[in-house]
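Heads up: the structure comes next, in structure tokens.
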Amino acid sequence: MLNTDKIQISHKMLVMVGEIDTFKGAWRGMRSIGHKPLTALRRAAGMESVSASVRMAGGHLADGRVERMLELKGEQDQPAGEEFDPLGYADALTRILHGWEAMPVTEERILKLHFALLGFGHRAGKEAGEYKSWARPLAACDEEGRKAGITLQTADARKTPERMGELIAWLEREERAEKVHKLLLTGMFVARLLAIHPFLEGNGRMSRLVTTLLLLRFGYAYVPYSSLEAVLERSGEDYPRALRQTQMTLDGDAPDWEPWLMFFLGALREQKEKLADKVKEVRKLQTNQTELAAAILERVRKEGRVRMAEMMALTEAKRATLRCHFRKLVREGRLAQHGECKGTWYSME
């Protein structure tokens, strides 16, 4: 299996690990933006993840279609075992996001997730939740991403259960030993899982699901709020190229982990940076909203009453934005509404 004693960890890797772990620690404070914005971020990230992962697998799915499909998931007329079924990925991802604490990474767990992935449970195809019955080689690429004329041999179908058992045992040993940082451990596990290629279909999607599961179990609680799948999709050919460069060396005495781990850590860094930007935008909006509400209340205190048109002239805010603030202040009991339509005015009584 994998010998972690010979892994070469560069300074650049350590810097990225440090950045990601710093964000991990800061996430608790970022959650102060409130339940509603967090729910919106999590929902948007989930939709992005489903769409991006299905497209990377060869399917065609616009981001906007996912939510509608999930609403109709019990009514969809889709063939059993449809290879690019977005409902399957959504189902498996939801299971992880809501149940990761009780989901250690075991062979049984991986098989159950694969069953959910291929066809959304009861519509799953014949190979869902089962290791491959035959193996096919993977085409390798050169440094420019072109087919290199060679192939990567995946695990023989008859040896796949044994290889998967070894991989899971290796992960358990390394977790206990605590010699390798959890981010590096996750990247190494995923690379080896894809080299084994345990299933006929869905290996890439399974690797992304397992990545999310491992990161959550290793304490990276922000993961559901920013789509790693979207980052991987945007990376284009860099994703498979880095993976194959490392996979071609895995059977040697000193595997070259740098291409894959540098890419993997870079993707995780971009994931957290995207989330940091979104949280910053939410906070800016909340600050602006707080200032606008304060301006409304100050005007009422000074004049005794206020109308919508007055505040539009004073603040240059849009009518729709002010309407939301007035309604919120009325709901909270901080303002009283008088009249209707154009005659509406507000006071503190």
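Things to note:
- Residue among Leu2, Leu61 that is surrounded by 14 or more Cβ atoms within 10 Å (Cβ to Cβ), among the aliphatic types (A, V, I, L, M), modelled with pLDDT under 70 and more than 19 Å from the chain's Cα centre (by Cα): Leu2
- Any hit, the stretch 252-271, residues being out of contact with any His (no Cβ under 7 Å at 6 or more places or on another chain), of a type in the set (A, V, I, L, M), assigned to a helix (DSSP H, G or I) and over 30 Å from Ile7 (Cα atoms): no
- Qualifying residue in the stretch 36-47 (condition: touching a residue at least 12 places away in the same chain (Cβ under 8 Å), more than 19 Å from Lys284 (Cβ to Cβ) and not in a helix (DSSP H, G or I)): no
- When residues of the stretch 5-19 are limited to those that are at pLDDT 80 or above and either of a type in the set (Asp, Glu) or in contact with a Lys or Arg (Cβ under 6 Å, 6 or more places away or on another chain) (or both), the one surrounded by the fewest Cβ atoms within 10 Å (Cβ to Cβ): Glu19
- Only one of Leu232, Leu285 that is at pLDDT 90 or above and either under 13 Å from Ala45 (Cβ atoms) or not in a loop (DSSP other than H, G, I, E, B) (or both): Leu232
- The stretch 197-207: number of residues that are part of a helix (DSSP H, G or I) and buried (at least 22 other Cβ atoms within 10 Å of the Cβ): 2
- Members of the stretch 119-158 found to be modelled with pLDDT of 85 or more and under 19 Å from Val54 (Cα atoms), listed by number: Ala128, Gly129
- All told, Arg55 meets the bar of being surrounded by 15 or more Cβ atoms within 10 Å (Cβ to Cβ), modelled with pLDDT of 70 or more, charged (D, E, K, R) and over 21 Å from Arg217 (Cβ atoms).
- Restricting attention to the stretch 153-192, the residues that are over 16 Å from Thr4 (Cβ atoms) and part of a helix (DSSP H, G or I) add up to 9.
- Of the listed requirements (1) out of contact with any strand residue (DSSP E or B) (no Cβ under 9 Å at 6 or more places or on another chain); (2) surrounded by 18 or more Cβ atoms within 10 Å (Cβ to Cβ); (3) of a type in the set (D, E, K, R), Lys328 misses just one: (2).
The values are calculated or read from the model by the stated rules, or taken from the named source; none is laboratory data. In this text the structure is predicted, and so the values were computed from the model without any measurement. Cβ sites come from the backbone with ideal geometry, for glycine too, and all protein chains shown count toward neighbours.
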